[in-house]
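Colleague: There's a structure below that I have some questions on.
Read-outs throughout are calculated quantities, based only on the coordinates presented, and are distinct from any laboratory measurement. Being a predicted model, the structure only gives us computed values, none of them experimental. A quick note on method: Cβ atoms are made from the backbone with ideal geometry, for glycine too, and the neighbour counts reach across all protein chains shown.
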Amino acid sequence: MTETAVTAGAPFTAERRRARHRAAWRRRRLVLMLMSPWIVGFCVFFGYPLVMSVYLSFTHYDLLSSPKWIGWANYKYLFTEDPQVGPAVRNTLWLILIMVPLQVLFAFGVATMVARAKRGVGFFRTVFYLPALAPPVAATMAFVYLLNPATGPVNVILGHLGVNGPLWFQSPQWSKPSLTLLSIWGVGNLMIIFLAAILDAPQQLYESAELDGAGPIQRMRWVTLPTISPVILFSVVISVIAAMQYFTQAYVAANIASGQASQAGDQTVNNLGYPEGSTLFYPVLLYQHGFRFFNMGYASALSVLLLIVAFTVTVLIIRNSRRWVHYAGAVK
Amino acid sequence: MRRGVIAAIALAAILAAAAGATARSAAHAGTKADTITVWVGWSARELAGFKKVVAEYDSKHPDVNVKVVGGINDDKITAAIRSGNVPDVVSSFTSANVGSYCKSGAWVDLKPFLSKDHLDVNVFPKTSQYYTQYNGKRCALPFLADVYGFYYNKKMFQAAGIKSPPKTMSELTADAKKLTKRNQNGSLKVVGYNPFLGFYAGNAPDLSAYAPLFGAKYTDAGGHSALSKDPAWSRLLKWQKNLVDWYGYKNLQKFNAGAADEFSASHAFEIGKLAMMIDGEWRVAFIQAEHPGLAYATAPAPVDDAKKNLYGAGYVNGTIIGIPKGVKHKDQAWALLKYLTFNAHPLAQFSNLIRNVPTTKESLNSKEIKPDAHFKTFLTIFANPSSKTTPITAAGNAYGTLIQAFAVKWQAGHAGDLHAGLQKLDKQIDAQLKQAQAGGVP
């Protein structure tokens, strides 16, 4: 009886197994099909360029003739001989250490104030978010005009107040602070993220803290900040990455402020980094080598280094964040 | 019978004529399908001038229809060559890139075409021959040149009691001081001569416009950077910094920030805020179009006091034109290229329209060139054997970026010891050229 049952059950089990197998394959195919746009996009726009960049970084490649293998020569020049790498790294570090914290602080401050507003909430949200919609080129041109040391309204007003205004974009000391002002003005996206996080904070925590006698600063310290700490981490990470890729505003400001925005086809004048190389950020240097000097092999070496540094910095920030980021419901 | 014969002959003649006309128009219509495209950097008024020159060629050559695209820069040229979808003729304002184009073969070697048509490049002055080839490989031809000379405001000269334009840098400095006017708060109202690097084309921060005026040499006999070895560079930089300091670095910065873009009608010289300047010959056409009443004159730029014999020379640069690789209509492209660059008529015609300097020796003396005292100065400077352009290297004008980085720091007073700085700069330039040549000798 038992023997009969076993022999009768064997083909049935094998059939079920095959059916399960087929169903699993169907599911995998469906998943693959649904994911295929992303996979294709990832391979074409990220995977392939990444692999090619690494390969090209070991070649001499002028965009016009075939790449020629030169081993580590590009990296040797990058680390030991290129006189512009040091200043470009310092300029970019300035953005990370000064511009990014100011952006995050300003966005958080505005979001806190807007969250507390009793009246005109919609108006304030719109006003503070609106600059984020301005195209970066137009916004930069407007700032260069506003901060023109001779004719710009800001210095004219400062002059009426008896203050001798700075040279803003024309001065190596003030060019990066001027770009920081521009970035703070356009901080609407971060502000909206912070606002959503602040408004999402559990109200009962504030009520409990208040019952325990916590004042506004203590509530901020012990309730708001821990609650929104994942959002702070997110903001810091994306702002640091954006700072390492900072290009458009620096490119436009240098060209306009130098006063040599020349004829359409004229590339004889190199205004990148104006004034005195103070706006020559790492991505601007990369662009200069790749697209002005047609030295794409070396530009690829610069981009590989940028990728490694960006990845390392992001990992460090995330690892460090375990001490101060609190996830609701997380178990340690 | 005779009438019948006459009628038959007349009918045959009419039919033949009609057939001929039809054939011509068919041929015209048929060959018009062979559209050749020309990419140029000019825009607006200058582009209209180029289209006019090409239209004449187009009307005389029924086998082609020439399409002109303006506002092209080297990024677009490179992208087109890489994609394989190229125009038939390309031109670039950045002659420094000729090294990349010739070396890579991105612009085709013109030697076979020149040999086939028995054309000799000695019809071009030496400087123009130089910036259209790389290491002996000719992949481009010159198509009008830019020549830098001296502009001065005659009314301001008269008011200041200055009789003639300065011929040396010390005379220029003295005149600049006489012509400068300051506001009560010390800011600059009118600048005599603005030496600030980066202010308009005459003060290109890579010092290219000043180098020929000091006879400054870029390289030594071994092809290595020689900025610290040739004392002319030190003299140039010291003269420039002294004059900047006389105005006040910050004062000039403010003046420059308030000055309009150099290609606008509010150019500081054109509106009387600048008494003297070094600029390209194109300014003559700009002034004619924007401020025809301006009382000004042109002359060769002043030179180093220690090298007075250089007076009459200047910086020369120019538009280069060639055929990209992968071109579809190579023969038609060459025919147009030959017409534009070797023929005195289109050169003179285009020169008259945009007031750039024509690039063959014949066209420099062409009777077609509209007489103009302002413009004539630049024809003379172009023909001067001491006039120079910048070196053509495998790295394009990348070395200029290093010179610029040092020079702007120097004028701001942030460069420290001049000689030590120039020595360091030489090393940087040599390393850069070595890198650009993939480890080869600079």
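Colleague: Would you please give the FRET efficiency between A:I308 and B:K116, computed as 1/(1 + (r/R0)^6) with r the Cβ-Cβ distance and R0 = 56 Å, to the nearest 0.05?
Modeller: E(calc), rounded to 0.05, equals 0.60.
Colleague: Residue farthest toward the positive end of the dipole of the protein assembly as shown, with Cβ of Lys/Arg at +1 and Asp/Glu at -1: which of A:M244, B:A348, A:A142?
Modeller: My answer, from the dipole projection, is A:M244.
Colleague: Do the alpha carbons of any pairs in B:K167/B:K217; B:K111/B:K427; B:K52/B:K370; B:K189/B:K250; B:K116/B:K330; B:K51/B:K330 sit beyond 24 Å of each other, and which pairs?
Modeller: Result: B:K111/B:K427 exceed 24 Å.
Colleague: Calculate the tail of P(r) for chain B: the fraction of all Cα-Cα distances greater than 40 Å, expressed in %.
Modeller: 26
Colleague: Quote the FRET efficiency, to the nearest 0.05, computed for B:N65 versus A:T13 with a Förster distance R0 of 56 Å and r equal to the Cβ-Cβ distance.
Modeller: That gives a FRET efficiency of 0.10.
Colleague: To the nearest 20 Debye, how big is the dipole of segment A:80-321 about its Cα centre, given +1 on the beta carbon of each Lys and Arg and -1 on that of each Asp and Glu?
Modeller: 400
Colleague: Separate question: What distance in nm separates the two pseudo spin-label positions at A:R22 and B:A295, each 7 Å out from Cα along the beta-carbon direction?
Modeller: With each label placed 7 Å out from Cα toward Cβ, I get 10.1 nm.
Colleague: Another question, if that's okay. Among A:V231, A:L316, A:L280, flag the residue with its Cα farthest along the positive direction of the charge dipole of segment A:195-324, charges on Cβ as +1 for Lys/Arg and -1 for Asp/Glu.
Modeller: A:L316
Colleague: Normalised by the residues of chain B, what does the relative contact order come to in percent, with Cα pairs under 8 Å and at least six apart?
Modeller: With pairs under 8 Å counted, the relative contact order is 24 percent.
Colleague: Hey, another quick one. Along the positive direction of the dipole of the protein assembly as shown (beta-carbon charges: Lys, Arg +1; Asp, Glu -1; about the Cα centre), which of B:T35, B:Y247, B:A395 reaches farthest?
Modeller: Towards the positive end, the residue furthest out is B:T35.
Colleague: Something else now. Kindly provide the trypsin sites (Lys or Arg not before Pro) of segment B:74-177 that DSSP labels as loop, not H, G, I, E or B, and whose Cβ sees at most 12 other Cβ atoms within 10 Å.
Modeller: B:K163
Colleague: Using unit Cβ charges (K, R positive; D, E negative) and no other charged atoms, how large, in debye to the nearest 20, is the dipole of the protein assembly as shown about its Cα centre?
Modeller: 1100
Colleague: Out of all DSSP beta bridges with both ends in the protein assembly as shown, state the antiparallel percent to the nearest 5.
Modeller: If we restrict to bridges inside the protein assembly as shown, about 70 percent are antiparallel.
Colleague: Grab the beta carbon distance between A:Q173 and B:N343, set R0 = 35 Å, and tell me the FRET efficiency rounded to 0.05.
Modeller: The formula returns an efficiency of 0.05 here.
Colleague: Hand me the trypsin sites (Lys or Arg not before Pro) from segment A:60-126 located in a DSSP loop with no more than 12 other Cβ atoms within 10 Å, in residue order please.
Modeller: A:K118, A:R119
Colleague: Another question about this same structure. In segment B:116-134, whose amide N lies under 18 Å from the spot 7 Å out along Cα-to-Cβ of B:A383? List them in ranges.
Modeller: Answer for this model: B:122-129.
Colleague: Same structure again: As a test of the definition: which semi-axes, in Å, follow for segment A:80-321 when you take the square root of five times each eigenvalue of its alpha carbon gyration tensor? Largest first, please.
Modeller: The three semi-axes for segment A:80-321 are 37, 24, 14 Å.
Colleague: Still on this structure, please answer the following. Scan segment B:260-311 for trypsin sites (Lys or Arg not before Pro) in coil per DSSP, keeping those whose Cβ has at most 10 other Cβ atoms within 10 Å, and list them by number.
Modeller: none
Colleague: Residue by residue through B:253-262, how many Cβ atoms from other chains fall within 10 Å of the Cβ on average?
Modeller: Per-residue shielding by partner chains comes out at 6.
Colleague: If you don't mind, there's one more thing I want to ask. Output the pairs from B:K177/B:K409; B:K67/B:K154; B:K103/B:K307 with a Cα-Cα distance over 32 Å in this structure; if there are none, say none.
Modeller: Those over the limit are B:K67/B:K154; B:K103/B:K307.
Colleague: Note the full-extension length gain between B:S170 and B:N185 as 0.36 nm times their separation in residues minus their Cα-Cα distance, in nm to one decimal.
Modeller: Stretched fully, the B:S170-B:N185 segment lengthens by 2.6 nm.
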